[in-house]
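This report concerns only the one structure given below.
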Amino acid sequence: MTTNALTFPRFFPRPQSETGIWGWIGTVDHKRIGTLYGITSFLWFLVAGVEALLIRVQLASAENTFIGPEFYNQLFTMHGTTMVFLVIMPLSAAFFNWLIPLQIGARDVAFPRLNALSYWVFLFGSLIMNAGWITGDAPNGGWFGYAPNSGVTFNPGLGMTYWVVGLNILGVASIAAGLNFIITIINMRAPGMSMFKMPVFTWMTLVTSVLLVLAMPILAVAGIQLQTDRVYGTHFFNSLAGGDPVMWQHIFWLFGHPEVYILILPAMGIVSEVLPTFSRKPLFGYAFVVFAGIVIGFMGWFVWSHHMFTVGLGPAANTAFAMSTMLIAVPTGVKIFNWIGTMWRGNIQLNTAMLFSISFIAMFTIGGLSGVMHASPPTDSQQQDTYFIVAHFHYVLVGGALLGIFSGIYFWWPKFTGWFLNEKLGIANWALMLIGMNLQFGPQHWLGMDGMPRRIYTYAENMGWEGSNLAASIGGFILGFGILLFMINIVYSRMNKKIAPADPWDGRTLEWSTSSPPPVHDFDEIPVVVYRDDFWFKKHPETISEYYHNDHDVEDIAPSATQTAEEHEDDHGGHEGIHLPDKSYYPFILGVGIAIFGIGFLTNTYVIAAGVPIFLWGMLGWSMEPVNDPT
Amino acid sequence: MTQAATTEHHTPVEHTTTGLNNRKLLMWAFLGSDVMFFGAFIATYLVYRGKSLVGPYPSEVLNIPITTVSTFVLLMSSLAMVLALHYVKEGEKNKGTLWILVVVVLGTIFMGFQFVEFREFAHLGLTPRTNIFGTTFFILTGIHGAHVTIGVIWMAFLAYSSNSGALRSDNALDLEIAGLYWHFVDIVWIVIFTVIYLISANDAPPPGMESVIH
């Protein structure tokens, strides 16, 4: 196969080192990339948390002068953008990276180098987006960047350019990651694992990846249009030349609403793994949960104008979008009932991961119900741009996505590291976060009902808003202290290591069948799957008859799966033939090239030209580099 | 039931669940993503059609006969692409290389037409900064042109590979994947040609607002 292959000169030897900075830069291992995603996004989480606390200090009392309006605009813009694009999305990506190959019984993702590229591009994009803090020109137009307010006329300076260039670069990372996980899940499953034997987390990753691949290009279009308006003087959002400001809202929210489900579906997948494990029952209504996820992913495309009820689209459009928005609550409600049904009469074990998952259900229900309230246009015109909306989306994103992600962290930490997080500190961490978030966002419901607008840096003394705001600020610090306790927990547990076995929770899915932490090649032997929750039923064969009433399912599958495994072994020459992709520095080089393009859009065209050779070096070197060097 | 069980053995390199090659599936999924990308730009063009406040207006600058020729050239490149894949799969190195080169040449001619068209429009006073038609026209056709340019570079690379013997019948998949991209870019042009040229060609300026003297 390698005869006559084209080669590209190497300027550096192919990275071999497992450790040190070069080991990380050259890595194509999905577990290490997952760790990189996790650490990076947690650092951004701390940045966004500090931004949120500064906001809460400012709003703690009326007519406060702690922060001026300019800085306040930058803070709420970067808090929102960071939490959405640099925290929740990449934290979910960390779980995708770590878990998907392990859950489907594969040795890596379909395109390990593309996976590394996703991470580096994400890292550089996040740095460019935050570069404004250093130049004193941070983005200040809100996370939704409404044009023409974000245009150069009303927003001169580099601030929103950092934002739009950063977003476009992050979009490349998201699309690449989404494509990778779609192909991985469709094409890399262990023998016997049909689509409806996949773990629910894998299913939700698949739906999320499809949404990423289809929604991020729309954001890219919005970004390119805003960028050409800002930098080259085009007229996409210039109303003086006939451009329509509502155009931005349509394009942004056509991306933005699927994005909401991109944020929440991974957390839904996580709790769908945690709840059955600690209830010691299979997930109640697996097919319903999976189809509800698919339906949410589909209907998520038909609700975007509920962000625009007060724009004046007319009664027909408002009615249609009100109905689709109320309808999408149905599959979400289906999931909630299935989770409760999973716990019903289960042998429930209340540890940190389970507590986070149960509070996810409760908090997400509250956030979902307030969401259904402003699905009604008349109600929404009262609530639009008030703290009621702030309360709503913080209940679904903090109470939903973040609690779900923390549940996943406590659940899979022993698998990732080989040691447990401390349970006592963990429960304190959970309690502080739950109390903190309720104290912070609960009062914002009635602040919003009372008419307190969003995105104002201060408010008058006689409005009666001081008590609730003070409570919210105290809640914010309690929540922040909960996060601090989480970090203390990591350090403490690391110092007093309690070693975790391969299967600490009596788990159900394939990742628990390999050691903790998993070997570089994940599985010594690729597992052969017969049942849904295969690992569980093989550990506890006495429970099979309880859940598989007519055995023909099982009998049908079992022989063919075994047979496939034999074929599989033939192909790879048994498990001695394990080969993993070699390390490569090209993803990093290509990422640097893309980052230089981005910097070029912020500075001048010559920088873009300087990026071209680096980009080509990455592209050509990559395309001519064999996945494995001939040995 | 288990797709893996039915996988045939004619793909010696990779063993996948569906039997489809990973890279081929990746290209299909990417094209799905690109549909949304072009879709949003085309939708922007349609929403902004007829919203220009100053000229030049579409009927004053668009040249349907010339663009029909360039469209024909691009469509013929797809035919060349099919023939190239056929000969590479058959192992006929010289014919394969030749037809890949034809794709490169036709793609380059199409880009030449676009370059001349852009220059002509600038000469008539239409730039991306002139009006909303200029903005939407240049960005949409420009993005498409960028796609064609990437395709031409890719195909030139494959022509070199074919000539040097690195692209053969056993790895013709490399060309097939590039071909998927090329055909897609072609199909997008059919939509753009319809939406911008055929539908908007008669979008005349309001009375008294003519800006180009023919």
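The values are calculated or read from the model by the stated rules, or taken from the named source; none is laboratory data. As the structure is a prediction and not an experimental result, all values here were calculated from the model. Note: ideal-geometry Cβ built from the backbone for every residue, glycine included; neighbour counts use all protein chains shown.
If a residue must be among the hydrophobic types (A, V, I, L, M, F, W, C) and farther than 26 Å from B:THR17 by Cα, how many such residues does segment A:73-103 contain?
Step one: list which residues in segment A:73-103 are among the hydrophobic types (A, V, I, L, M, F, W, C), which gives A:75-76, A:78, A:83-89, A:91, A:93-96, A:98-100, A:102.
Right, trim to farther than 26 Å from B:THR17 by Cα and you get A:75-76, A:78, A:83-89, A:91.
Count: 11.
Do we find that A:ALA177 is facing another protein chain (nearest Cβ under 9 Å) and either over 15 Å from B:GLY32 (Cα atoms) or modelled with pLDDT of 95 or more (or both) in this structure?
Working: facing another protein chain (nearest Cβ under 9 Å): no; either over 15 Å from B:GLY32 (Cα atoms) or modelled with pLDDT of 95 or more (or both): yes.
So A:ALA177 does not fit the description; no.
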Checklist entry - So which residues in segment B:51-65 are among the hydroxyl-bearing types (Ser, Thr, Tyr) and surrounded by fewer than 21 Cβ atoms within 10 Å (Cβ to Cβ), if there are any at all? => result B:SER59
Checklist entry - Residues in segment B:142-163: is at least one in a loop (DSSP other than H, G, I, E, B) and either more than 13 Å from every other protein chain (Cβ to nearest Cβ) or in contact with a His (Cβ under 8 Å, 6 or more places away or on another chain) (or both)? => result no
Checklist entry - Out of all the residues in segment A:83-90, is one or more touching a Leu at 6+ places or on another chain (Cβ under 7 Å), without any contact (Cβ under 8 Å) to a residue 60 or more places away in the chain, buried (at least 24 other Cβ atoms within 10 Å of the Cβ) and within 28 Å of A:VAL396 (Cβ to Cβ)? => result no
Item to check | Odd one out for B:GLN114, checked against (1) surrounded by fewer than 21 Cβ atoms within 10 Å (Cβ to Cβ); (2) in a helix (DSSP H, G or I); (3) polar (S, T, N, Q); (4) within 13 Å of chain A (Cβ to nearest Cβ) | outcome: (4)
Checklist entry - Do we have B:MET36 as facing chain A (nearest Cβ under 9 Å), modelled with pLDDT of 90 or more and touching a helix residue (DSSP H, G or I) at 6+ places or on another chain (Cβ under 9 Å) here? => result yes
Checklist entry - Which one of the conditions (1) more than 14 Å from every other protein chain (Cβ to nearest Cβ); (2) within 30 Å of B:ASN21 (Cβ to Cβ); (3) outside any helix (DSSP H, G or I) does A:ALA106 fail to meet, given that it meets all the rest? => result (1)
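With respect to A:MET198, determine if the residue is in contact (Cβ under 8 Å) with a residue 60 or more places away in the chain, in contact with a Lys or Arg (Cβ under 8 Å, 6 or more places away or on another chain) and under 24 Å from B:GLY19 (Cα atoms). Reasoning before the result, please.
Working: in contact (Cβ under 8 Å) with a residue 60 or more places away in the chain: yes; in contact with a Lys or Arg (Cβ under 8 Å, 6 or more places away or on another chain): yes; under 24 Å from B:GLY19 (Cα atoms): yes.
Answer is yes for this residue.
Output the number of residues of segment A:143-165 satisfying the condition of being among the hydrophobic types (A, V, I, L, M, F, W, C), out of contact with any Leu (no Cβ under 7 Å at 6 or more places or on another chain) and away from every other protein chain (no Cβ under 14 Å). Give the steps one after another, and end with the answer.
Just the residues of segment A:143-165 that are among the hydrophobic types (A, V, I, L, M, F, W, C), to begin with: A:143-144, A:147, A:152, A:154, A:158, A:160, A:163-165.
So of that shortlist, the ones also out of contact with any Leu (no Cβ under 7 Å at 6 or more places or on another chain) come out as A:143-144, A:152, A:154, A:160, A:163.
Subset that is away from every other protein chain (no Cβ under 14 Å): A:143-144, A:154, A:160, A:163.
Selection size over segment A:143-165: 5.
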Checklist entry - Does B:THR108 satisfy being more than 14 Å from chain A (Cβ to nearest Cβ), under 30 Å from B:LEU46 (Cα atoms), assigned to a helix (DSSP H, G or I) and touching a residue at least 24 places away in the same chain (Cβ under 8 Å)? => result yes
Checklist entry - Going through segment A:110-127 one residue at a time, which ones are away from chain B (no Cβ under 14 Å) and not aromatic (Phe, Trp, Tyr)? => result A:ALA116, A:VAL121, A:LEU123, A:GLY125, A:SER126, A:LEU127
Checklist entry - Among A:ASN130, A:ASN140, A:ASN168, which is the only one that is within 14 Å of chain B (Cβ to nearest Cβ), more than 15 Å from the chain's Cα centre (by Cα) and in contact (Cβ under 8 Å) with a residue 24 or more places away in the chain? => result A:ASN168
Checklist outcome for this item: Every listed condition ((1) assigned to a helix (DSSP H, G or I); (2) within 14 Å of chain B (Cβ to nearest Cβ)) holds for A:GLY243 save (1)
Item to check | Matching residues, segment B:100-120, being over 15 Å from the mean Cα position of the chain (by Cα) and over 24 Å from B:PRO56 (Cα atoms) | outcome: B:ILE100, B:LEU101, B:VAL102
